[in-house]
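This report refers to the structure that appears directly beneath it.
The values are calculated or read from the model by the stated rules, or taken from the named source; none is laboratory data. Only a predicted model underlies this, so the values are computations on that prediction, with no experimental measurement involved. Glycine also receives a Cβ, built like all others from the backbone with ideal geometry; neighbour counts cover every protein chain displayed. Quick note on the areas: whole protein, heavy atoms, side chains included, nothing else; ligands and nucleic acids left out. Shrake-Rupley method; radii C 1.70, N 1.55, O 1.52, S 1.80 Å.
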Amino acid sequence: MDMTGNTILITGGGSGIGRALAEAFHQLGNQVVIAGRRQDALDAVTAAHPGMRGIPLDLESAHGIQTFAEHLLQEVPSLNMVIHNAGVMINEDLKDGTTEAAETTVTTNLLGPMRLTAALIGHLLEQPRAAILTVTSGIAYSPWALTPAYSATKAGLHAYTQTLRYQLQDTAVQVIELIPPFTQTELQGPQQATNPHALPLADYIRETMQILTEQPDAEEVVIERVKLQRYAERRGEADALFKARNDAAYGR
């Protein structure tokens, strides 16, 4: 993976990890397009970074994704990198017998990247070099009971990334999984952005960009803070970690 000279689409680029990645890649001289639901958030980012572009995208709409992809390729035919970052994280009480939050989460976090990849894969396969990056989570490897659907979608996105990488192994499209730990963003509201237990966003981006630069063939970007979750199963500690983390969250 080259860190410069790319044309990059970043979903969820109006805030949090998506915005920070967009800014980091933009500073390296890449052409960056950010996408998301909120036009005002996109405008704020692009106004602060001349040359960056913002295009609205609703990942819950299959038709909207197809229309977006067609428009995107007309606007930036040099596109050669996609970062699937957009997502929602909603607390759920599975005892209430509803699935509205789960359906929104699955459609946005899992079906969204799948549909967008399908809409763009033909174009990416025609590029001399290309990359697809998915943003999963440490929760993909150690679920959080407060957010069942989010946990399931991140585990599913990890599996999808693995299978996509395998199917594209003989092509010029590289597939990379970024695995953030609990990070200071507003994914679950303003309080998360200042939570002392969360990793500062700047620290996450700095370590991630360093790994991408120093390990251009990496399949996964596993920063130090997320290694406990990523490798818990390998160490035989997955069940104990799951219980400890969730008991703490529920005050048990």
Q: Return the pairs, sorted by first residue and then second, in which the second residue is open to solvent by 10 Å² or more (accessible area, probe 1.4 Å) and polar (S, T, N, Q), the first residue lies in segment 22-49 and is more than 14 Å from ASN85 (Cα to Cα) and assigned to a loop (DSSP other than H, G, I, E, B), the beta carbons are less than 6 Å apart, and the residues are 6+ apart or on different chains.
A: LEU28/THR4; GLY29/THR4
Q | Hits in segment 38-65 (condition: over 20 Å from the mean Cα position of the chain (by Cα) and among the charged types (D, E, K, R)) | A | ASP40, ASP43
Q: Could you please find all residues in segment 234-252 being surrounded by 10 or more Cβ atoms within 10 Å (Cβ to Cβ) and charged (D, E, K, R)?
A: ARG235, GLU237, ASP239, LYS243, ARG245, ASP247
(Q) For segment 197-219, which positions are closer than 20 Å to ALA22 by Cβ and open to solvent by 80 Å² or more (accessible area, probe 1.4 Å)? (A) ARG206, GLN210, THR213
(Q) Please go through segment 203-225 and give me each residue that is touching a Lys or Arg at 6+ places or on another chain (Cβ under 9 Å) and either closer than 11 Å to MET3 by Cα or assigned to a helix (DSSP H, G or I) (or both), ordered by number. (A) ASP203, TYR204, GLU207
Q: Please state which one of THR194, THR147, THR185 is open to solvent by less than 40 Å² (accessible area, probe 1.4 Å) and either modelled with pLDDT under 95 or on the phi > 0 side of the Ramachandran plot (or both).
A: THR185
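Per-residue answers, yes or no, for (1) of a type in the set (A, V, I, L, M); (2) open to solvent by less than 10 Å² (accessible area, probe 1.4 Å):
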position	(1), (2)
MET3	yes, no
ILE8	yes, yes
GLY13	no, yes
ILE17	yes, no
LEU28	yes, no
VAL33	yes, yes
GLN39	no, no
LEU42	yes, yes
VAL45	yes, yes
Q) Within segment 155-182, how many residues are open to solvent by 10 Å² or more (accessible area, probe 1.4 Å) and under 25 Å from ALA101 (Cα atoms)? A) 7
